[in-house]
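Take a look at the structure set out below.
The values are calculated or read from the model by the stated rules, or taken from the named source; none is laboratory data. Please read all numbers here as calculations on a predicted model, not as lab measurements. Counting neighbours? That spans all protein chains shown, and the Cβs are built from the backbone with ideal geometry, glycine included.
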Amino acid sequence: MKKMGVIVSNLFLWGLVNCSVLSLMAVCLVLTHITIISVTVFLHRHQAHRSLELAPSVSHFFRFWLWLTTGMVTKEWVAVHRKHHAKVETEHDPHSPIHFGIHNILWAGVRPYRSSAKCSEVLEKYGQGTPNDLIENRLYTPYHFLGIILMLCIDLGLFGLVGGTIVWAVQMVWIPFFAAGVINGLGHYFGYRNFEPPDASTNIIPWGILIGGEELHNNHHTYSDSAKLSVKWFEFDLGYVYIKMLCCLGLAKIKRTIPLMPSDADTEHQILTLITKCKMNIIDRYRKEVIYHLVHNSVPKDLFSRHRISRHQLSRWLHRESNFLAKYKLTKLEKILKTQPILNTIYQHRKQLSKLMHNNKIKKSELLLSIQDWCRQARKTEIKQLEEYSQWLHELISLNSQRL
Ligand SMILES: [Zn+2]
Ligand SMILES: [Zn+2]
């Protein structure tokens, strides 16, 4: 009887699997890693952006795992995230550090998430196409807290009172901190930018391992439909490695990656699709062929020492939307532009081009006319690089008959 009591109390304290501290740490890492992959592959890339298809078995595994480890409802997560993309950095963005403050999003990002997730209008408008089957409506949505209670019982049973509580606590804070805090906070505040979309998104670090590739948030905001989040040769997206593995097993199909500039858009519809899909490629070409070239070849050398600015910085500032440039940088840039009319011209043309490309309210038919007009104005400047770029853009958006 006494022996039985010892066994029960040992089971209660140490669980079915008697783990060392190191083994418990490894368990935490593996379990939270599965959760991270479920968020990035299933919730984010598959559900919110439809950039890949998943086999029903894989899709359901991820959904079940997220119910067990996070208590998040797919429709709520997807709706809040789509709203973030649609209203990014405005007062309607559910979690912009520019508006809410970096500390509020980093340490308590889950609060603004919850208030948006409870709004029926947000769910209705942005939550379309998410799971709507029997198990979703009868279990996962109405009893979303049941999963994490079940997970607590499993952790306590496997690792005992102390180990189980620690493993469960780590699982519970992992996603609220890394997804709601780090990605939504630091991903719009700290890091480097490959592209200049009209928001403050950044790549936190180039190696997307710990958060499964979500670290590459600037790449994602630039090409939000792409299943692959890495762009440069030195960047790494672990989530995409899992997607490729699932593809090899016939369990996933990639629908979209970063668009390449097509050379054969012949109808007006094809040209308008090209502009919508490749607008960031078009703007980025302006950076490389006009801004970079002029800053490196046509600006007097003493300007850089006088204003204590490098060529690289000046190129970046000329390409960035002014509302995402720190005030002191903008003041310095404006000072430089006053003395450099060529730089000022290419800066103003870049601003007009971005405005046109990101204008969602303009009618499609008017967009082509406006870009053609921009090209005409650019050619009048008699700045060689700008003329060449405008010629390229004019040909890109012209119908076959007009190109000849
Ligand atoms: Zn974002
Ligand atoms: Zn997204």
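Residues satisfying the criterion are absent from the range 224-235 (criterion: within 16 Å of ligand 2 (Cβ to nearest atom), acidic (D, E), touching a helix residue (DSSP H, G or I) at 6+ places or on another chain (Cβ under 6 Å) and part of a loop (DSSP other than H, G, I, E, B)).
Scanning the range 288-315 for residues that are surrounded by 12 or more Cβ atoms within 10 Å (Cβ to Cβ) and not in a helix (DSSP H, G or I) yields a count of 4. The number of residues in the range 48-62 that are surrounded by 20 or more Cβ atoms within 10 Å (Cβ to Cβ) and either of a type in the set (A, V, I, L, M) or away from ligand 1 (no atom under 16 Å from the Cβ) (or both) comes to 4.
Can you tell me which residue among F42, F61 is at pLDDT 95 or above and over 19 Å from Q128 (Cα atoms)? Working first, answer last.
Numbers: F42 fails: over 19 Å from Q128 (Cα atoms).
Only one candidate passes the filter, namely F61.
Looking only at the range 321-335, residues that are of a type in the set (G, A, S) and either at pLDDT 95 or above or part of a helix (DSSP H, G or I) (or both) come to 1 in all.
Within the range 347-396, the set of residues being among the hydrophobic types (A, V, I, L, M, F, W, C) and under 17 Å from E289 (Cβ atoms) comprises L353, M357, I371, W374, C375, A378, I383, L386, W392, L393, L396. Here I243 fits the description: more than 18 Å from T345 (Cα to Cα), in contact (Cβ under 8 Å) with a residue 24 or more places away in the chain and part of a helix (DSSP H, G or I). Out of the range 173-203, which residues are outside any loop (DSSP other than H, G, I, E, B), out of contact with any Leu (no Cβ under 9 Å at 6 or more places or on another chain) and either polar (S, T, N, Q) or more than 14 Å from ligand 1 (Cβ to nearest atom) (or both)? Of everything in the range 173-203, those that are outside any loop (DSSP other than H, G, I, E, B), out of contact with any Leu (no Cβ under 9 Å at 6 or more places or on another chain) and either polar (S, T, N, Q) or more than 14 Å from ligand 1 (Cβ to nearest atom) (or both) turn out to be V173, P176, Y192.
Mind checking whether some residue in the range 93-102 is charged (D, E, K, R) and within 17 Å of the chain's Cα centre (by Cα)? Within the range 93-102 (the criterion being charged (D, E, K, R) and within 17 Å of the chain's Cα centre (by Cα)), the answer is yes, since at least one residue qualifies.
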